[in-house]
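Reading through the structure tokens given below for one structure.
The values are calculated or read from the model by the stated rules, or taken from the named source; none is laboratory data. Keep in mind that this is a model prediction, so the values were computed, not measured. Neighbour counts are summed over all protein chains in view; Cβ atoms, including those assigned to glycine, are modelled from backbone coordinates with ideal geometry. Calculation scope for accessible area: heavy atoms of the full protein, side chains included, ligands and nucleic acids excluded. Shrake-Rupley method; radii C 1.70, N 1.55, O 1.52, S 1.80 Å.
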Amino acid sequence: MTKKPDSMLPETPEVSDSLTTDAFSIDPWVQLKKFTQARIALGRVGSSLPTKEVLDFGLAHAMARDAVHLALDVDALDAGIQSQGFNTLRVHSRAPDRASYLLRPDWGRSLNEDGLNVLEDYKKQQVEIAEPIDFLIVVGDGLSSLAVSRHVQHLLEELRNVLPEEWKLGPVVIASQARVAISDEIGQALGARMVAMLIGERPGLSSPDSLGLYLTYSPKRGGSDADRNCISNVRPEGLHYAAAAKKLMWLAKEASRLKVSGVALKDESDMQEISQQVSLS
């Protein structure tokens, strides 16, 4: 075969140095990491992770463990809530300490004798008031007291802005060593039509301070998760306070109208907001 002379070979297109540099130096994952705290694009060194990522993982794990075991400063929380104009009551679950709370979840779902007496005494003092409580707020430490101490007062401030004026509110009940279901017993004891539980959620490796909200219509002891509506990940890095308060109040108004909650009540607050925006445009 006759070899073509060099002059007949196809020319190679020139590639600018800047384009070549950008193509190999800009990692698209770096841009994506700015929008999430998820552990993505960690990189590698040989067959292992970079030292920084290993240390960051250890720190996140330690923060999650600390959030579970950290005791809630009830005195500070109580004073802060009262400074916002709310009345408060303090109760305690059957779990006497944190170790018992973690080993016996069932103890965290019901009140101890002193807690029941506190609610009974309050109800006796209110015997002259015929109107029942429309909306009762319960605050529980749950599995992250850090979430409660950081976010509850901010959320209560936003809730105050959206609560219907005609609703009768009960005192904010602060429950120690509490699980979600303890709100059913508290709501039933005070005769509340609805109860909203604000509680620290199980910590994640990127979210040791996530607050959860649980709404129950006609609370009764022995209720299940199917009877409650849940709003999770309430914190500045997740669902912000104003948005969480608005969503909770939409559910509460619908629960009051339909006389149901849980699986029988679908959260369509976002769809309603979208339809309103469309109609305005």
Pick from the range 195-208, criterion open to solvent by less than 10 Å² (accessible area, probe 1.4 Å) and not β-branched (V, I, T), ranking: nearest to K34 (Cα to Cα): G200
Among residues of the range 143-170, those that are of a type outside the set (A, V, I, L, M), under 18 Å from T216 (Cβ atoms) and either touching a helix residue (DSSP H, G or I) at 6+ places or on another chain (Cβ under 7 Å) or not assigned by TED's automatic domain parsing to the domain that holds M249 (or both), counted: 1
Pick from the range 35-51, criterion more than 29 Å from the chain's Cα centre (by Cα) and not hydroxyl-bearing (S, T, Y), ranking: farthest from P208 (Cα to Cα): G46
Meets criteria (in the same structural domain as K259 (by TED's automatic domain parsing), touching a His at 6+ places or on another chain (Cβ under 6 Å), within 29 Å of D66 (Cα to Cα) and touching a residue at least 12 places away in the same chain (Cβ under 8 Å)) for L211: yes
Residues that are open to solvent by less than 10 Å² (accessible area, probe 1.4 Å) and among the acidic types (D, E), drawn from the range 142-194: D184
Qualifying residue in the range 8-23 (condition: modelled with pLDDT of 75 or more and open to solvent by less than 100 Å² (accessible area, probe 1.4 Å)): no
Scan of the range 79-132 for residues that are open to solvent by 40 Å² or more (accessible area, probe 1.4 Å) and assigned to a strand (DSSP E or B), ordered by number: R90, H92
Residue within the range 220-242 that is open to solvent by less than 40 Å² (accessible area, probe 1.4 Å), part of a helix (DSSP H, G or I) and in the same structural domain as W167 (by TED's automatic domain parsing) present: yes
Residues (closer than 11 Å to R228 by Cα and crowded, with 17+ Cβ neighbours inside 10 Å) located in the range 254-271: A255, S261, G262, L265
Residue within the range 33-55 that is outside the structural domain of N233 (by TED's automatic domain parsing) and of a type in the set (D, E) present: yes
Check on A71, open to solvent by 60 Å² or more (accessible area, probe 1.4 Å), at negative phi, touching a helix residue (DSSP H, G or I) at 6+ places or on another chain (Cβ under 9 Å) and assigned to a loop (DSSP other than H, G, I, E, B): yes
Where a residue in the range 155-169 is under 16 Å from M197 (Cβ atoms) and its partner, wherever it lies, is open to solvent by 50 Å² or more (accessible area, probe 1.4 Å) and among the aliphatic types (A, V, I, L, M), with Cβ under 8 Å and at least six apart: none
